[in-house]
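Structure first, then comments.
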Amino acid sequence: MVLHHSKHHQTYVNNLNAALSSQAAAVSSKDIVTQLDLQIAIRFNAGGHINHTLFWENLTPASSASVPESNYSELAAALKKRWGSLNSFKSKFEAALLGIKGSGWGWLIQDEESGYLEITTTKDQDLVSKGKKPLLGIDMWEHAYYLQYLNDKKQYVEGIWKVVNWPVVEKRYKSTANEIFGALKGLKASI
Ligand code: MN3
């Protein structure tokens, strides 16, 4: 996780800063072609920065994750209502994570309008769709688990529950998407 944070996440930040600075130059020289070209790098690296920030925040050291998710009553009730039981939610979530082909993310999301909870996945560094609140996000890129678990993706996925920061997940459940992403708006592209 230290390497993941200080090398992988840092690389997204460095590349985002480089792309933003090239974009500023392209804007001032009114170079539209270069600006369009930079959109791809900005989207990918800003997505990487935002997704990783959400990820670190919804994790906690195993030693402090001793309070079970069932203690977060509103969220636990919503998960039980949607999936029947917390265990059933967990196994559906694990199956979604393990079903990701290539690089991507697994998410517990909530539709902002209907309040409906869903499990979804995104590719590469795409963000969750607009109007959806990211409650819990898990990095399923190979770099997230390879050092500790080698090819045993299943062990990484099953072990993730030991480090989920349920207070943060419930806080997002009670927040609006604007509040969740708004908290990242002032985020400088540095870690
Ligand atoms: Mn990563």
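The number of residues in the range 120-165 that are assigned to a loop (DSSP other than H, G, I, E, B) and within 15 Å of the ligand (Cβ to nearest atom) comes to 6. The condition (being away from the ligand (no atom under 16 Å from the Cβ) and either in contact (Cβ under 8 Å) with a residue 24 or more places away in the chain or within 27 Å of Tyr156 (Cβ to Cβ) (or both)) is satisfied by just one residue among Asn71, Asn58, Asn45: Asn71. Of the residues making up the range 96-108, not a single one is open to solvent by 30 Å² or more (accessible area, probe 1.4 Å), of a type outside the set (Phe, Trp, Tyr) and more than 21 Å from the chain's Cα centre (by Cα).
Filtered by the rule that a residue be within 16 Å of the ligand (Cβ to nearest atom) and open to solvent by 60 Å² or more (accessible area, probe 1.4 Å), the range 9-42 gives Thr11, Asn14, Asn15.
Within the range 136-158, being of a type in the set (A, V, I, L, M) and either open to solvent by 20 Å² or more (accessible area, probe 1.4 Å) or touching a strand residue (DSSP E or B) at 6+ places or on another chain (Cβ under 7 Å) (or both) holds for Leu136, Ile138, Met140, Leu147, Leu150. Cβ-Cβ contacts under 9 Å between residues 6 or more apart (or on different chains), taken from a first residue in the range 19-40 that is touching a residue at least 12 places away in the same chain (Cβ under 8 Å) to a second residue that is of a type in the set (D, E, K, R) and open to solvent by 90 Å² or more (accessible area, probe 1.4 Å), are listed as Ala26/Asp37.
The values are calculated or read from the model by the stated rules, or taken from the named source; none is laboratory data. Everything numeric here is computed off the predicted structure, so don't read it as measured data. Because the Cβ atoms are built from the backbone with ideal geometry, glycine has one as well, and the counts that use them run over all protein chains shown. With ligands, DNA and RNA removed, areas are computed over all heavy atoms of the protein, side chains included. Shrake-Rupley method; radii C 1.70, N 1.55, O 1.52, S 1.80 Å.
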